[in-house]
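The values are calculated or read from the model by the stated rules, or taken from the named source; none is laboratory data. In this text the structure is predicted, and so the values were computed from the model without any measurement. In this analysis, Cβ positions are derived from the backbone assuming ideal geometry, glycine residues included, and neighbour counts consider all displayed protein chains.
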Amino acid sequence: MPIEVTQITEEDFLGAVTCIQQAFKDDPYNHWVFDQKSFSYTRNAVSLGLRCRWGMHHALFHVAKDTSDPSGKILGVACWLPPSQPGSPESWFDWMGSWQLWLSQIRMNLWYGRGGLNVKRYYIWKAAQTEAQGDLWTDANGYYFCNIVTVLPEVQGKGVGKLLFKHVTDVADREGRRCYLESSRAEPNMAIYERMGFRLAKEMVCDDDEVAIKLFCMIREPKGADDDAE
């Protein structure tokens with residue numbers, strides 16, 4: 001199956017949203033932060049579409065496709081946030097992009113409501129994430145942050161996810177930068193990420209009155225020519 005990884009385009013949005021929704025349907029974090037009884041796939045699709053549009057210009061937002069499939073079906077999606085140096089000012093372009101995304105999300109919430117989102121738990125997670133990244137992100141060169149990576153269930157185990165990672169980790173290796181991710185599953189995810197060079201750096205616990213979710217923060221060191229030769 002010949003797989004090609006490319007930057008997302010507007011024509012990919014629908015397929016990317018479908019891929020993300022299918023892959024995260026049974027995700028532990030998804031079940032913790034959303035009330036499944038009132039979860040709205042429509043509102044979630046709109047939210048993901050906004051994120052795709054933002055990521056097309058402000059992130060490394062990639063899709064994987066089978067080049068032999070004329071339908072162009074999206075098999076996997078990855079969104080990486082590029083590294084930034086601590087204390088460096090945000091560019092006007094990125095600042096405007098963040099504000100446009102925020103305003104779009106406000107309009108979405110006014111129209112669709114929260115769609116089952118547990119706002120309290122969302123902010124518990126954001127606070128825990130900020131604390132974890134503050135503890136772990138000590139490299140002044142910044143980190144490539146794998147914010148989303150998904151592969152359709154029917155093609156998992158066929159190398160699609162590995163190619164989505166390699167598309168960015170190769171760049172990180174050339175630049176000598178670390179990579180970072182947060183996994184919502186210990187098994188089988190951590191073993192998969194370890195094979196790609198990541199190591200567990202911290203267990204992040206998000207606790208809402210003893211209803212808790214654990215996320216696994218992992219860091220990958222850049223590989224050099226000597227590592228490849230081993």
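Of all residues in segment 40-55, those that are surrounded by 15 or more Cβ atoms within 10 Å (Cβ to Cβ) and either touching a Ser or Thr at 6+ places or on another chain (Cβ under 7 Å) or not aliphatic (A, V, I, L, M) (or both) total 11.
For TRP111, the test of being touching a helix residue (DSSP H, G or I) at 6+ places or on another chain (Cβ under 8 Å) and among the aromatic types (Phe, Trp, Tyr) is failed. The residues of segment 1-35 that are out of contact with any Gly (no Cβ under 7 Å at 6 or more places or on another chain), assigned to a loop (DSSP other than H, G, I, E, B) and either touching a residue at least 60 places away in the same chain (Cβ under 8 Å) or of a type in the set (Val, Ile, Thr) (or both), listed by number, are MET1, PRO2, THR9, PHE24, ASP27.
Before we move on, is ASN118 closer than 22 Å to SER40 by Cβ, touching an Asp or Glu at 6+ places or on another chain (Cβ under 9 Å) and not hydroxyl-bearing (Ser, Thr, Tyr)? Spelling it out, ASN118 is indeed closer than 22 Å to SER40 by Cβ, touching an Asp or Glu at 6+ places or on another chain (Cβ under 9 Å) and not hydroxyl-bearing (Ser, Thr, Tyr). Selection over segment 105-138 of residues that are touching a Lys or Arg at 6+ places or on another chain (Cβ under 8 Å) and assigned to a helix (DSSP H, G or I) gives a count of 5.
Here's the yes/no breakdown for (1) out of contact with any Gly (no Cβ under 7 Å at 6 or more places or on another chain); (2) part of a helix (DSSP H, G or I); (3) over 20 Å from ASN141 (Cα atoms):
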{"site": "LEU164", "(1), (2), (3)": "no, yes, yes"}
{"site": "HIS167", "(1), (2), (3)": "yes, yes, no"}
{"site": "ALA172", "(1), (2), (3)": "yes, yes, no"}
{"site": "CYS179", "(1), (2), (3)": "yes, no, no"}
{"site": "LEU215", "(1), (2), (3)": "yes, no, yes"}
{"site": "LYS223", "(1), (2), (3)": "no, no, no"}
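Residues of segment 71-104 that are in a strand (DSSP E or B) and not hydrophobic (A, V, I, L, M, F, W, C): GLY76 alone. Within segment 182-199, the set of residues being within 17 Å of the chain's Cα centre (by Cα), of a type outside the set (S, T, N, Q), in a strand (DSSP E or B) and more than 14 Å from LYS162 (Cβ to Cβ) comprises GLU182 only.
The condition of being free of Cβ contacts under 8 Å to residues at least 40 places away in the same chain and crowded, with 16+ Cβ neighbours inside 10 Å holds for only one of PHE165, PHE198, that being PHE198. Would you confirm whether any residue within segment 143-154 is at pLDDT 95 or above, crowded, with 18+ Cβ neighbours inside 10 Å, touching a Leu at 6+ places or on another chain (Cβ under 6 Å) and of a type in the set (Phe, Trp, Tyr)? So far as segment 143-154 goes, yes, one or more of its residues are at pLDDT 95 or above, crowded, with 18+ Cβ neighbours inside 10 Å, touching a Leu at 6+ places or on another chain (Cβ under 6 Å) and of a type in the set (Phe, Trp, Tyr). For segment 148-202, the tally of residues that are among the hydroxyl-bearing types (Ser, Thr, Tyr) and out of contact with any helix residue (DSSP H, G or I) (no Cβ under 9 Å at 6 or more places or on another chain) stands at 1. Could you tell me which residue of segment 38-69 is farthest from the chain's Cα centre (by Cα), considering only residues that are part of a strand (DSSP E or B) and without any contact (Cβ under 8 Å) to a residue 60 or more places away in the chain? Within segment 38-69, the match that is farthest from the chain's Cα centre (by Cα) is VAL63.
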